[in-house]
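Enquirer: This structure is in structure tokens; I'll ask about it shortly.
The values are calculated or read from the model by the stated rules, or taken from the named source; none is laboratory data. Note that the structure is predicted; figures quoted are calculated from it, not measured. Neighbour counts are summed over all protein chains in view; Cβ atoms, including those assigned to glycine, are modelled from backbone coordinates with ideal geometry.
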Amino acid sequence: MVYKRTAPLIKTTLKVHIDTGASNFYMSKRCLNMLGLTAIPRRVYFAYEGSHHLESGPVYETGNDTFDIVMGRDMMSHYRCVIDYEKLKMYFHVGKRVIKANLYT
């Protein structure tokens, strides 16, 4: 049997750095504190459009608090992510669905 602990939804803005040069998914100590966590989780889930979600690979702690989360190639390649720099959009492929995320500079 598998038990999943779900953190409550927190209405705050997280600074996510999209880094195609980083190979993993990172979380800052500041982000841990904002989410009320005491340790780095094994994986992070992003809920989109009801039952659809994105799941990170293993999570590592980043050494600074410039960004709350650094999304690296592991997650982007898993979901065949396409970045449209002109439209400032990211597209993640989940099965037959495409999940769109807005980018902000």
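Enquirer: Tell me the residue from ARG30, ARG73 that is of a type in the set (Lys, Arg) and under 20 Å from ASN102 (Cα atoms), please.
Expert: ARG73
Enquirer: Pull out all pairs, ordered by first then second residue, where Cβ-Cβ is under 8 Å, the residues are six or more apart or on different chains, the first lies in the range 11-39 and is among the acidic types (Asp, Glu), and the second is assigned to a loop (DSSP other than H, G, I, E, B).
Expert: ASP19/GLY72
Enquirer: While we're looking at this one, here's another question. Could you run through the range 57-105 and say how many residues are over 20 Å from LEU14 (Cβ atoms), charged (D, E, K, R) and not in a strand (DSSP E or B)?
Expert: Total meeting the criteria: 4.
Enquirer: Sticking with this one: Return yes when GLU61 is more than 21 Å from TYR104 (Cα to Cα) and surrounded by fewer than 16 Cβ atoms within 10 Å (Cβ to Cβ) and no when it is not.
Expert: Values: more than 21 Å from TYR104 (Cα to Cα): yes; surrounded by fewer than 16 Cβ atoms within 10 Å (Cβ to Cβ): yes.
Yes, satisfied.
Enquirer: Quick check: anything in the range 48-56 within 25 Å of MET34 (Cβ to Cβ), hydrophobic (A, V, I, L, M, F, W, C), modelled with pLDDT under 90 and assigned to a strand (DSSP E or B)?
Expert: There is at least one residue in the range 48-56 that is within 25 Å of MET34 (Cβ to Cβ), hydrophobic (A, V, I, L, M, F, W, C), modelled with pLDDT under 90 and assigned to a strand (DSSP E or B).
Enquirer: Could you look through the range 10-28, keep only residues that are in contact with a strand residue (DSSP E or B) (Cβ under 8 Å, 6 or more places away or on another chain) and more than 18 Å from GLY57 (Cα to Cα), and pick out the one that is modelled with the highest pLDDT?
Expert: Going through the qualifying residues, I end up with LYS15.
Enquirer: Which residues, counting only those in the range 54-76, are more than 12 Å from the chain's Cα centre (by Cα) and under 10 Å from SER23 (Cα atoms)?
Expert: none
Enquirer: Also, quick follow-up: Would you confirm whether or not the range 78-86 contains a residue that is touching a strand residue (DSSP E or B) at 6+ places or on another chain (Cβ under 8 Å), among the acidic types (Asp, Glu) and at pLDDT 90 or above?
Expert: Scanning the range 78-86 turns up at least one residue that is touching a strand residue (DSSP E or B) at 6+ places or on another chain (Cβ under 8 Å), among the acidic types (Asp, Glu) and at pLDDT 90 or above.
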